[in-house]
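Notes to accompany the following structure.
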Amino acid sequence: MLIHACCAHCAAYTISHWREQGYDVSAFWYNPNIHPYMEHEQRLEAMKALTTQLKVSLIVSEGYEIIDYFRQVVGHEDERCRHCFQMRLLRTSEVARERNLSAFTTTLLISPHQKHDLIREIGASIAEATGVEFLYADLRKRYSDSRHLTKPLDLYRQQYCGCVYSEWERYANIQIK
Ligand code: SF4
């Protein structure tokens, strides 16, 4: 199976969860939403360090497709998370299919800060369209366990979800419509 990884800290427990279910797990990095570029690179470096530690193969989508991300969200920022999830999960399912992997999921399902039901809905609709099974688990109760797993590794830890809008919300303590 292929696990879309949003960050090392959400990936740590998620990877062990699916391994415990008996899956042969690979991780996939595709997060064009993360702004700015150096923030993207720091989070990717943390993910590489984690997967080396866990001995999990990490597939990295090369490049930085932030222009595609903005083309999806500009003009309908209130729906930006839907477009963001759609982009990332669709690419994950396509890569899974190319590599003959039978299922995909995302580490976003462990975060209590994400729109959980929306992720589930989008994952299911992509599965129907691509024929690659979307594996769902509500891991939100294990969010702090995942962070405890990465604490000794001293990995870069982000302070906001990813996009420039979420960075603005985080530091200005506001909610963008
Ligand atoms: S808030 Fe997070 S999930 Fe929503 S669009 Fe921004 S980066 Fe994506």
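The values are calculated or read from the model by the stated rules, or taken from the named source; none is laboratory data. Because the structure is a prediction, the values reported are computed rather than measured. For neighbour counting, all protein chains shown are included, and Cβ atoms are generated from backbone atoms with ideal geometry for every residue, glycine included.
Details
- Unmet criterion (only one of (1) within 15 Å of the chain's Cα centre (by Cα); (2) surrounded by 18 or more Cβ atoms within 10 Å (Cβ to Cβ)) for residue 142: (1)
- Subset of the range 58-110 [free of Cβ contacts under 8 Å to residues at least 12 places away in the same chain and among the β-branched types (Val, Ile, Thr)]: 67, 74
- Residue list for the range 105-119, filter: in contact with a helix residue (DSSP H, G or I) (Cβ under 9 Å, 6 or more places away or on another chain) and surrounded by fewer than 18 Cβ atoms within 10 Å (Cβ to Cβ): 112, 113, 115, 116, 118
- Among (1) more than 15 Å from the ligand (Cβ to nearest atom); (2) closer than 17 Å to residue 106 by Cα; (3) touching a residue at least 40 places away in the same chain (Cβ under 8 Å), the one test that residue 122 misses: (1)
- Qualifying residue in the range 6-27 (condition: assigned to a strand (DSSP E or B), buried (at least 17 other Cβ atoms within 10 Å of the Cβ) and of a type in the set (Ser, Thr, Tyr)): yes
- Any chance residue 97 is surrounded by fewer than 20 Cβ atoms within 10 Å (Cβ to Cβ), out of contact with any Asp or Glu (no Cβ under 7 Å at 6 or more places or on another chain) and within 17 Å of residue 29 (Cα to Cα): yes
- Flag for residue 165 being in a helix (DSSP H, G or I), under 22 Å from residue 2 (Cα atoms) and in contact (Cβ under 8 Å) with a residue 60 or more places away in the chain: no
- Residues of the range 150-162 that are charged (D, E, K, R) and either assigned to a helix (DSSP H, G or I) or farther than 11 Å from residue 7 by Cβ (or both): 151, 154.
- Residue-level check: of (1) away from the ligand (no atom under 16 Å from the Cβ); (2) within 20 Å of residue 30 (Cα to Cα); (3) surrounded by fewer than 18 Cβ atoms within 10 Å (Cβ to Cβ); (4) not basic (Lys, Arg), residue 159 misses just (1).
- When residue 65 is tested against (1) acidic (Asp, Glu); (2) modelled with pLDDT under 95; (3) surrounded by 13 or more Cβ atoms within 10 Å (Cβ to Cβ), only condition (2) is not met.
- Among the residues of the range 119-139, those that are farther than 17 Å from residue 11 by Cα and either assigned to a loop (DSSP other than H, G, I, E, B) or over 14 Å from the mean Cα position of the chain (by Cα) (or both) comprise 121, 124, 125, 126, 127, 128, 129, 130, 131, 132, 133.
- Test: residue in the range 21-34 that is of a type in the set (S, T, N, Q) and in contact with a strand residue (DSSP E or B) (Cβ under 6 Å, 6 or more places away or on another chain): yes
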